[in-house]
1. Would you mind computing the Rg to Rh ratio of segment 181-221 from its alpha-carbon coordinates, Kirkwood style for Rh?
2. Would you calculate, for the chain, the mean residue ellipticity at 222 nm contributed by helices, counting each DSSP H stretch of 4 or more residues as -39,500 (n - 2.57) and dividing by all residues, to the nearest 500?
3. Counting just the Cα atoms, what span does segment 116-158 cover along each of its three principal axes? Round to the nearest Å and put the largest first.
4. If you place +1 on the Cβ of every Lys and Arg, -1 on the Cβ of every Asp and Glu, and leave all else neutral, what size is the dipole of segment 167-299 about its Cα centre, to the nearest 20 Debye?
5. Could you state the number of Å between the C-alpha centres of segment 242-286 and segment 130-153?
6. Once you have a ≥ b ≥ c as the square roots of the Cα gyration tensor eigenvalues for segment 62-152, tell me rounded if a/c is under 1.5, and otherwise prolate or oblate according to whether a/b is larger than b/c.
7. Sorted by mean Cβ packing within 10 Å, highest first, what order do the peptides 210-216, 39-45 take?
8. Please check: in the Gaussian network model of the chain (C-alpha springs, under 10 Å), which one of L232, L304, L89 has the largest mean-square fluctuation.
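The values are calculated or read from the model by the stated rules, or taken from the named source; none is laboratory data. This one's a predicted model, so the numbers in the text were calculated from it and none came from an experiment. We place every Cβ from the backbone using ideal geometry, glycine too, and count neighbours over all the protein chains shown. SASA here: full protein model, heavy atoms, side chains in, ligands and nucleic acids out. Shrake-Rupley method; radii C 1.70, N 1.55, O 1.52, S 1.80 Å.
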Amino acid sequence: MTDPTAELPYPMDRQCPFSPPREVTAVREAGETPRVTLWNGVRPWLFTRFEDARTVLSDPRFSADKSRPGYPLSSAVALAETAVEPTLLVMDNPEHDAVRRLVLGEFTVRRAERWRPAVRAVVDDRIDRMLAGTEADLVADLALPVALTVICEFLGVPHEDRELFRSLTHTMNVVAGSTESAAAARQALQDYLEELVAARALHPQDDFIGRMAARHLPDGTMTPRRLAAMALLLLTAGHDTTANMISLGVLTLLRHPRHFAALRADEDPDLLAGTVEEMLRHLTVVQRGIRRIAVEDVEVGGRLVRAGEGVVAAINVANRDPERFPAGEDFDPTLRAHGHLAFGFGPHQCMGQSLARVELQEVYAAVARRIPTLRTAVPVEEIRFKSDMAVYGVHALPVTW
């Protein structure tokens, strides 16, 4: 293994909107582990191979604590995450596992399946509204409303406050945005959710916040501030990634009409599930990698990472590693791409992945079945992709049928 003579800036612009940057893919193909230069001059190691990324995400010698000196922050805005109560995303064990165990029962596959009828009703309602006209913005009219409605109903957020949530989470996710604005938005959401936790403690309801408040506040296993931070994490992670997967996934299906038609013609649930898994692997909307910092010396794929050095696991590139997925650059739902890293790996793997799968399955199936003539209303070259956001997707997707 050799080191490149010149360091790469990270992240890099995409030359193709449907593929990771060629320079990063070339690093994986060359078997190299370079150091890259981030926005603030920090120089972490970049891991692009599937097995190396899994190691980085699962080895306890790598810390997720963003407050550690030298942590490879994705942007100045990422500092806002440490400005209020820490979430599971930035906790290490044993604290991480202790907090995660308190809520994990809410995210089983069985519980997610119970949500399927409700998700289907939300999706059908949004499609009904779309079909009342002749064109729509798939982001504003389907992807965002579905994802936001589902997570807000799950948490127990009143309907009238959902637009506020959407606006504040958008502010938090603009990578090049103001650090002060991101911190203020996060604090505003934290404050709102603490008030909602207090209301649920007085008047319990059968939603996530209500159940957690009834179960964990009386015995002190969770404080109102910690529960609000947990809800904030679920809100931000639970709608932004799903909304982007909905819109970018539908666009991908439109670019692959054979697979779009197969969803419409075949009601086999295995095909639908396989399509969603392949979509997650192929798109991997977490585009800026998952970051960690070594707390001890650790060797990964032949590279010695010393304590205090940062690392970036480029999961969007690792999910196309031919050593793990032989046809990695292709989109092929028949390959049943299980075991991908789209939801992370190890102790911080996304808790809400089962509910996200239900949402994606219901949306893709409904769009294929109910809007078979769907097509983009503008050339792909005119679509604005989210290179400026923490999560990849499209800002808008004009469609007609």
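1. 1.09
2. -14500 deg cm²/dmol
3. 33, 19, 15
4. Charge dipole of segment 167-299: 300 debye, to the nearest 20.
5. Cα centres, segment 130-153 to segment 242-286: 17 Å.
6. oblate
7. The densest-packed peptide leads the list: 210-216, 39-45.
8. Comparing L232, L304, L89 in a Gaussian network model of the chain, the most mobile one is L304.
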